[in-house]
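Here is the structure we will look at, set down as structure tokens.
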Amino acid sequence: MNEAIAADFLILCGGLGTRLRAVTGETPKVMAEIQGEPFLDFLIRYLARQGARRIILCAGYKAETLISHYKNKFPSVELDFSIETEPLGTGGAFKNARALVRNEICFGLNGDCFTPLQYRALLDFHRSRKAQASLVGVRVEGNKDFGTLQINDKEEITAFREKFETRETQYISAGIYCFHRNLFDQMPAAGKFSIEYDVFPKLIGQGFFAYKTDAPFIDIGTPERFEWAKKHLNEMLEPAA
């Protein structure tokens with residue numbers, strides 16, 4: 001297990017997972033089982049190995065199921081729960097957890113995605129650029145399912161492009177972010193909003209960087225991707241550079 005990282009890790013766990021219900025039924029998407037364990041178990045265990053010691057689960061749909069399962073699940077990690085009483089979107093869910101944040105640096109993650117990553121290297125990158133926020137960009141060859149990042153030669157994010165079909169090399173968001181806690185002050189005051197659409201575009205030109213990686217990427221959001229994850233997750237668990 002790596003040396004502790006002084007940061008709060010916020011994981012989005014509140015999604016309804018409607019596209020996956022044909023496979024998982026009413027189970028929260030992040031708890032869809034892969035090789036006998038919830039997907040979120042793999043993610044938390046991986047983060048703990050990377051140095052995470054404080055993790056906040058941003059829960060909404062069936063939050064009581066997550067609390068019951070994770071309350072005492074990982075003794076090496078301090079787990080806390082930020083509960084949405086109504087859907088708040090990806091940005092609103094992060095902001096709802098603000099009162100629980102104790103460290104100056106936060107990592108935000110989508111709980112239904114996984115990319116093997118050296119989180120200390122991401123933190124070093126973030127600090128070296130004096131960034132407001134750093135978003136992990138995964139390199140893909142060809143793409144039709146995800147929006148892409150436009151990145152300049154200084155590794156600044158200059159635009160977000162809607163998804164389109166291409167065979168060219170692109171960078172897509174891994175759903176992993178590093179940011180200073182003062183970013184909460186730049187978020188909408190309250191209510192439901194998206195970090196991807198309502199926060200990040202406003203950071204362009206203001207210290208918003210892409211941490212690029214060739215590491216593989218898993219998103220379990222559809223039955224097809226979930227089936228792929230069940231076959232390939234274990235081989236991805238060794239961290240990439």
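The values are calculated or read from the model by the stated rules, or taken from the named source; none is laboratory data. All values derive from a computational prediction rather than experimental measurement. When we count neighbours, we look across all protein chains shown, and the Cβ atoms used for this are built from the backbone with ideal geometry, even at glycine.
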**Request:** Among residues belonging to the stretch 159-186 that are at pLDDT 95 or above and touching a Gly at 6+ places or on another chain (Cβ under 9 Å), point out the one that is farthest from I220 (Cα to Cα).
**Result:** F179
**Request:** Scan G17, G36, G111, G91 and give me the residue that is modelled with pLDDT under 90 and crowded, with 20+ Cβ neighbours inside 10 Å.
**Result:** G17
**Item:** Pick from the stretch 216-232, criterion under 24 Å from R161 (Cβ atoms), in contact with a helix residue (DSSP H, G or I) (Cβ under 8 Å, 6 or more places away or on another chain) and not β-branched (V, I, T), ranking: surrounded by the fewest Cβ atoms within 10 Å (Cβ to Cβ)
**Value:** P216
**Message:** I'm told I204 meets every condition in (1) more than 13 Å from the chain's Cα centre (by Cα); (2) modelled with pLDDT under 95 except one. Can you identify the failing condition by its number?
**Reply:** (2)
**Asked** Just for the stretch 65-88: of the residues that are among the charged types (D, E, K, R) and farther than 25 Å from I195 by Cβ, which one is modelled with the lowest pLDDT?
**Response** K71
**Request:** Return the residue satisfying two criteria in turn: it lies in the stretch 1-14 and is small (G, A, S) and over 20 Å from T85 (Cβ atoms), and of such residues it is modelled with the highest pLDDT.
**Result:** A7
**Message:** Take R129 and tell me if it is over 16 Å from the mean Cα position of the chain (by Cα), surrounded by fewer than 22 Cβ atoms within 10 Å (Cβ to Cβ) and either modelled with pLDDT of 95 or more or over 28 Å from D214 (Cβ atoms) (or both).
**Reply:** yes
**Request:** Would you check if there is a residue in the stretch 165-179 being polar (S, T, N, Q), assigned to a strand (DSSP E or B) and under 16 Å from the mean Cα position of the chain (by Cα)?
**Result:** yes
**Message:** Being touching a helix residue (DSSP H, G or I) at 6+ places or on another chain (Cβ under 9 Å), over 23 Å from D8 (Cβ atoms) and charged (D, E, K, R) narrows it down to one residue among E235, E155; which is it?
**Reply:** E155
**Item:** Residues satisfying the stated conditions in the stretch 190-215, i.e. closer than 21 Å to L43 by Cβ, touching a helix residue (DSSP H, G or I) at 6+ places or on another chain (Cβ under 8 Å) and not aliphatic (A, V, I, L, M)
**Value:** E196, Y211
**Pairs where the first residue, in the stretch 176-193, is in contact (Cβ under 8 Å) with a residue 12 or more places away in the chain and the second is assigned to a loop (DSSP other than H, G, I, E, B), C-beta under 6 Å, 6+ apart** = R181/V101; R181/E104; M187/V199; K192/L88
